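Trainee: Mind having a look at this structure? Questions to follow.
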Amino acid sequence: MGFEMEQTDQLILDTAQRLFADHCGADVVNATENGTEPTRLLNAIFEAGLPLAWVPEAAGGVGGSLALGFNLIRKAAGFALAAPLAETMVANRVLAESGLEMEASWTVLVFDGGPLPTLADGKITGLVENAPVYPGVARLVVPVSDQGIIRIATFVPDTLEIEHRESLAGESRARIQLNKASPLELSPVVDGMSEHGLMQFCALVRACQIAGAMEKMNELTVAYVKERQQFGRALGKFQAIQHKVADSAGESALANAAVEQAVRELSEHPRPFSGSADSLLSVATAKVVASEAAGTVSRLAHQCHGAMGFSYEYPLQQYSRRIWSWREEYGSEFYWSERIGLAVAEELKHSAPGQNDGRVWEIVSR
Amino acid sequence: MSETIRFNFPAPVIDDSVDRLRKEVRAFLQEEIRNGGFRPVTDCWCSGIDPEFSRKLGQRGWLGVTWPKEYGGRELSALHRYVITEELLVAGAPVHAHWIADRQSGPLILATGTEEMKRTLLPRIAAGECFVALGLSEPESGSDLASVRTRAYPVEGGWEITGTKLWSSGAQICQYMTVLARTSERDDKKRHEGLTQFLVPLDSPGVSVRGIRDMSGVEHFNESHFEQVFVPENAVLGSVGEGWTQITSELALERAGPERLLSTFVVLEKAFLQAAATMNGHQATVMGGMLARIRALRAMSLGVAALLEQGQYPEVEASLVKDLGTRFEQDIIERLREFWPIQLKQSFGDDLHYLLADSLLRQPSFTLRGGTNEVLKGIIARGMGLR
Ligand SMILES: Cc1cc2nc3c(=O)[nH]c(=O)nc-3n(C[C@H](O)[C@H](O)[C@H](O)COP(=O)(O)OP(=O)(O)OC[C@H]3O[C@@H](n4cnc5c(N)ncnc54)[C@H](O)[C@@H]3O)c2cc1C
């Protein structure tokens, strides 16, 4: 399995696996994109309590570890899950941190990594892009800046000016203009939550989703090249194909390793949204490597699949389109590479000349 | 659908003693550099030959650390060895003399050697006084190692070996070579049978070793002739005819070590130091991206080390590390060229240029030695059920 897990965590994952397999086949994913709500899937996810995976038991949740939640997200991505489970899990955890109450409805995080909407006189103003406002979402959780300090505001979607947009994969990515909007609820200042911390957390969620989707793409590819025959033998018997599969497996394995080290790092922090310098390096690594791999793995998987992989009906495209969007969200490989480069350069600048030998390694090997 | 596609890289357990050891080694190396004990070189585990330096490491107890105490080891964990090797690599220390013996031949002797071999040789290897070369490749056998032609015939009291070994790194300073030879006639249906490994003293009558200069100008690998070289019965490593199985498991274990991703780190380190003060966004993106990949590769490599500690045999994972890691060692140099063009042979005291140029001249070997990346991809594909 992936990250180190408790036995109960494993049970939850097994349940999720069955649930996704039963209710989120490739046909459901395509149908959802074309406007049919996946009611059975949504209900099943709710009944299983998955949206509360990260909410402490004291707050009425499952009390799962960070590792459990990230494993769940990775698994969901392996089904191209036609529901905003990850966004809901994060939103509920944010609510729990803020002290606001949870609700038994689809609640999503509205945060795009850009400047936070600001609070003034009890009203909120700002622009948030890429908000996952799917049909059926009942509550929006919006981190806002109260003179640089974070508070959480909630809204009901109907009360806001929302322009619906979609990612390349048809996932809801709405644009929300908040114009002196009055929140439904407003939390006190949230301890141990920073803009950087939110950004890191969400970036790791995307990295994790990319890793999960790439695993599925490799499974599809291996199954396909074993099955498909040309020139009298399975494609997988051709060395050129074998090497593509090996390359793809390598990129996917590297992304897994990067995501896992980041989850371990974040798990050591009591406040996962605090955004420390240590977690910066780990999370940035995960997002860089996963986003880079997304390009390579999709290219190789499509090449191995021939025209079949280019068809809408065959499931591969649901994964490639997702990872192409996910790699851009919450910072691409370029964004996070730059963050690492500048952070390391900054550290080097502040140490005395001659004291720097081996410093880069010291930072990398932390 | 196949479950083997899920590759898992658990975190190794790093206790305080590992951290302490790392700091000790780091401090020693910084001191050595300051004192002019060595000049950092790139690809140091292949290009930096300095028996005197190897002895220093032996005296500090940093070689053969995982071996039993009775054979000169310290019974430390594989992770202790891992951090020692990491620190040596990133410092660019001249470690080639003992590298193969510490990594590969020592463990091989421990697993398959006679008691006498273990008692006499292992403590000397751990002391940095005895070096061993690898005699696998031949003029006609590279990737297809099972085709070796070196032949060993049973004679009174032992074996007589005749053949040629090629590319053996460091053989000119080694006292021994592990030689893979055919001990029974080749059967095309069972090509992997009938191979045996011998431990051959290189001062035996009939052995001649000739250095070969590589394209970077270093004479680090060799051609060795064996002309009716007699070795006693007890020079056989393991069982007669079992050489192939030994070799493949030996190679699998050495594939994922830090030398498969850090051979050129010393260059990146220097480049970063030089660039830090004036780093702009673009350069930060290029160079920060490399640090991300190193971190991820390291997590993978440490994951393989952890799997080995758990007693697993992560052949595919190890091959993935080596394939990705060695290609990345090359990429580092290609990407740094954007900021530091590499053109002149002379460096005029510019350390960074020296390291860059030397790296460029050495990098073709990264994806060849120890099994080419094409061979590795074949192993990965087999692990995924395609062969
Ligand atoms: C720096 C260095 C140090 C070395 N040290 C040692 C040492 O100490 N001891 C030792 O015994 N050897 C050593 N070697 C040799 C090394 O193990 C061989 O170079 C390696 O195994 C490849 O063999 P080859 O060079 O004969 O290439 P070949 O096997 O001739 O291969 C040439 C090219 O063809 C490709 N190729 C071959 N077969 C296939 C196939 N079936 N499918 C697809 N592609 C294929 C290869 O991948 C490669 O790209 C060293 C090599 C180097 C570069």
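The values are calculated or read from the model by the stated rules, or taken from the named source; none is laboratory data. Please read these numbers as outputs of a predicted model, since none were measured by experiment. Neighbour counts run over all protein chains shown; Cβ positions are idealised from the backbone, glycine included. With ligands, DNA and RNA removed, areas are computed over all heavy atoms of the protein, side chains included. Shrake-Rupley method; radii C 1.70, N 1.55, O 1.52, S 1.80 Å.
Trainee: Along the Cα-to-Cβ line of B:Glu233, 7 Å from the Cα, sits a label point; which residues in segment B:142-180 have backbone N less than 14 Å from it?
Mentor: Counting backbone N atoms under 14 Å from the label point, the list is B:154-159.
Trainee: Checking buried surface per residue: for segment B:294-320, which residues lose a minimum of 20 Å² accessible area in the protein assembly relative to the chain alone (1.4 Å probe)?
Mentor: Going by heavy-atom accessible area, the residues of segment B:294-320 that drop by at least 20 Å² are B:Arg295, B:Ala296, B:Arg298, B:Ala299, B:Met300, B:Leu320.
Trainee: May I pose another question? Mind checking the mean number of beta-carbon atoms from other chains within 10 Å of the Cβ atoms in A:274-285?
Mentor: Mean number of neighbouring Cβ atoms from other chains: 2.
Trainee: Calculate, for segment B:121-164, the solvent-accessible area per residue in square angstrom, rolling a 1.4 angstrom probe over the heavy atoms of the protein chains.
Mentor: I get 38 Å² per residue for this part.
Trainee: Count charges around B:Ala91 for me, please; just the other residues with Cβ under 10 Å from its Cβ, Lys/Arg as +1, Asp/Glu as -1.
Mentor: In short, -4.
Trainee: Can you spot the aspartates and glutamates whose alpha carbon is less than 20 Å from B:Lys118's alpha carbon? Ignore those fewer than 8 places along the same chain.
Mentor: B:Glu70, B:Glu75, B:Asp102, B:Glu129, B:Asp203, B:Glu233, B:Glu242, B:Glu250
Trainee: Could you compute how much accessible area chains B and A hide from each other, both sides summed, with a 1.4 Å probe? Nearest 100 Å² is fine.
Mentor: 4700 Å²
Trainee: On a straight-distance basis, which lysines could pair with A:Lys180 in a cross-link, Cα separation under 16 angstrom, same-chain partners fewer than 8 positions away excluded?
Mentor: Answer for A:Lys180, where 16 Å is the Cα cut-off: A:Lys123, listed by chain and number.
Trainee: Let me ask something else. Of the peptides B:269-281, A:62-74, B:332-344, how do they stack up when ordered by the mean number of other Cβ atoms within 10 Å, highest first?
Mentor: Descending packing order for the listed peptides: A:62-74, B:269-281, B:332-344.
Trainee: Within segment B:70-100, find all residues whose amide N lies under 20 Å from a label point positioned 7 Å from the Cα of A:Ser351 along Cα-to-beta-carbon.
Mentor: B:83-93
Trainee: Here is a follow-up. Using only alpha carbons, build the gyration tensor for chain A and give me the equivalent ellipsoid semi-axes, biggest first, whole Å.
Mentor: Equivalent ellipsoid of chain A: 33, 28, 19 Å, largest first.
Trainee: Take the solvent-accessible surface of the protein heavy atoms, probe 1.4 Å, and return the percent of it on the protein assembly as shown that carbon and sulfur atoms account for.
Mentor: 50 percent
Trainee: Right, here's the next one. Which value, in debye to the nearest 20, gives the size of the charge dipole of segment B:134-241 about its Cα centre, when Lys and Arg are +1 and Asp and Glu are -1 at the Cβ?
Mentor: Magnitude of the dipole: close to 180 debye.
Trainee: Another question, then. Could you check the spin-label model distance between A:Gln230 and A:Ala31? Points 7 Å from the Cα along Cα→Cβ, value in nm.
Mentor: 3.4 nm
Trainee: How large, in Å, is segment B:16-130 by the Kirkwood hydrodynamic radius built from its alpha-carbon pairs?
Mentor: 14.1 Å
Trainee: Let me ask another. Taking only the C-alpha atoms, wrap a convex hull around segment B:51-106 and report its volume per residue in Å³ as a whole number.
Mentor: That works out to 72 Å³ per residue.
Trainee: Could you work out the percent of alpha carbon pairs in segment A:234-285 separated by over 18 Å, rounded to a whole number?
Mentor: For segment A:234-285, the share of Cα pairs beyond 18 Å comes to 49 percent.
Trainee: Please give the per residue volume of the convex hull enclosing the alpha carbon atoms of segment B:134-241, rounded to a whole number of Å³.
Mentor: Dividing the Cα hull volume of segment B:134-241 by its residues yields 90 Å³.
Trainee: If you scale each eigenvalue of the Cα gyration tensor by 5 and take the root, what three semi-axes come out for segment B:8-75, rounded to whole angstrom and sorted largest first?
Mentor: Ellipsoid half-lengths, sorted descending, are 24, 17, 14 Å.
Trainee: How charged is the neighbourhood of B:Phe131? Take every other residue with its Cβ under 14 Å from the Cβ of B:Phe131, and add Lys/Arg as +1 and Asp/Glu as -1.
Mentor: Around B:Phe131, the surrounding residues sum to -2.
Trainee: Something else about it: Provide the percentage of antiparallel DSSP beta bridges, counting only those with both residues in chain A; round to the nearest 5.
Mentor: Expressed as a percentage, antiparallel bridges in chain A total about 80.
Trainee: Another one. Measure nothing fancy, just the Cα-based angle from helix B:115-126's long axis to the longest principal axis of chain B, in degrees from 0 to 90, nearest 10.
Mentor: Tilt relative to chain B: about 20 degrees.
Trainee: Starting from the Cα coordinates of segment A:195-365, work out the convex hull volume and express it per residue in Å³.
Mentor: In segment A:195-365, the Cα convex hull volume per residue is 121 Å³.
Trainee: Same structure again: By how many degrees, 0 to 90 and rounded to 10, does the Cα axis of helix B:281-309 deviate from the longest principal axis of chain B?
Mentor: 30 degrees
Trainee: Could you bin all the Cα-Cα distances of the protein assembly as shown into 10 Å bins starting at 0 and give me the percent of pairs in each, rounded to whole numbers?
Mentor: 3, 13, 22, 22, 18, 12, 6, 3, 1, 0
Trainee: Kindly express, to the nearest 10 degrees and within the range 0 to 90, the angle between helix B:16-34's C-alpha long axis and the longest C-alpha principal axis of chain B.
Mentor: With both axes taken from Cα atoms, the answer is about 80 degrees.
Trainee: Next question. Segment A:174-243: Rg/Rh from Cα coordinates, Kirkwood Rh?
Mentor: Answer for segment A:174-243: 1.38.
Trainee: For segment A:288-303, state which residues have at least 40 Å² less accessible area in the presence of all protein chains than in their chain by itself, taking the probe as 1.4 Å and leaving out ligands, DNA and RNA.
Mentor: Those are A:Glu292, which lose 40 Å² or more relative to the chain on its own.
Trainee: Can I ask one more? Output needed: percent of Cα pairs per 10 Å distance bin for segment B:215-332, bins running from 0 to the one holding the longest distance.
Mentor: Computed distribution, short to long bins: 11, 27, 26, 22, 9, 4, 1.
Trainee: Under 20 °C and 1.002 mPa s, how fast does segment A:106-241 diffuse according to Stokes-Einstein, given a Kirkwood radius computed over C-alpha pairs? Answer in µm²/s, whole number.
Mentor: Translational D for this selection: 123 µm²/s.
Trainee: Still on this structure: With point charges of +1 on the Cβ of Lys and Arg and -1 on the Cβ of Asp and Glu, referenced to the Cα centre of segment B:16-130, which listed residue (B:Pro68, B:Ala127, B:Gly36) lies farthest in the positive direction of the dipole?
Mentor: Sorting the options by dipole projection puts first B:Gly36.
Trainee: Applying 1/(1 + (r/R0)^6) with R0 = 30 Å to the Cβ-Cβ distance of B:Arg213 and B:Gln274, what FRET efficiency is obtained, to the nearest 0.05?
Mentor: E(calc), rounded to 0.05, equals 0.45.
Trainee: Have a look at the DSSP beta bridges in the protein assembly as shown and tell me what percent are antiparallel, nearest 5.
Mentor: For the protein assembly as shown, the DSSP antiparallel bridge percentage is about 85.
Trainee: Let me ask something else about it. How crowded by other chains is B:376-385, given as the mean number of beta carbons from other chains within 10 Å of each beta carbon?
Mentor: Neighbouring Cβ atoms belonging to other protein chains average 6 per residue here.
Trainee: What does the charge add up to near B:Tyr313, with Lys and Arg as +1, Asp and Glu as -1, over the other residues with Cβ less than 15 Å from its Cβ?
Mentor: Residues close to B:Tyr313 contribute a combined charge of -3.
Trainee: Can I ask one more? Tell me the Rg and the Dmax, in Å, that the Cα atoms of segment B:317-370 produce.
Mentor: Reported Rg and Dmax, both Å: 12.8, 42.
Trainee: Separate question: Given the rule -39500 (n - 2.57) for each run of at least 4 DSSP H residues, summed and divided by the residues of chain A, what is its mean residue ellipticity at 222 nm, to the nearest 500 deg cm²/dmol?
Mentor: Mean residue ellipticity at 222 nm (helix-derived): -17000 deg cm²/dmol.
Trainee: Okay, next question. Using the structure shown, select from B:Lys56/B:Lys322; A:Lys237/B:Lys377; B:Lys270/B:Lys345; A:Lys349/B:Lys270; A:Lys226/B:Lys189 the pairs with a Cα to Cα distance greater than 21 angstrom.
Mentor: Over 21 Å Cα-Cα: B:Lys56/B:Lys322; A:Lys226/B:Lys189.
Trainee: Shielding of A:237-250 by partners, i.e. mean partner chain Cβ atoms within 10 Å per residue?
Mentor: Rounded to a whole number, the mean comes out at 6.
Trainee: Next question, about the same structure. Once you have all Cα-Cα distances for chain B, histogram them in 20 Å bins from zero and send the whole-percent values.
Mentor: 27, 59, 14, 0
Trainee: Under a no-solvent Debye model with one identical scatterer per Cα of segment A:1-88, what's log10 I(q)/I(0) at q = 0.24 Å⁻¹?
Mentor: Results for segment A:1-88 at q = 0.24 Å⁻¹ read -1.21.
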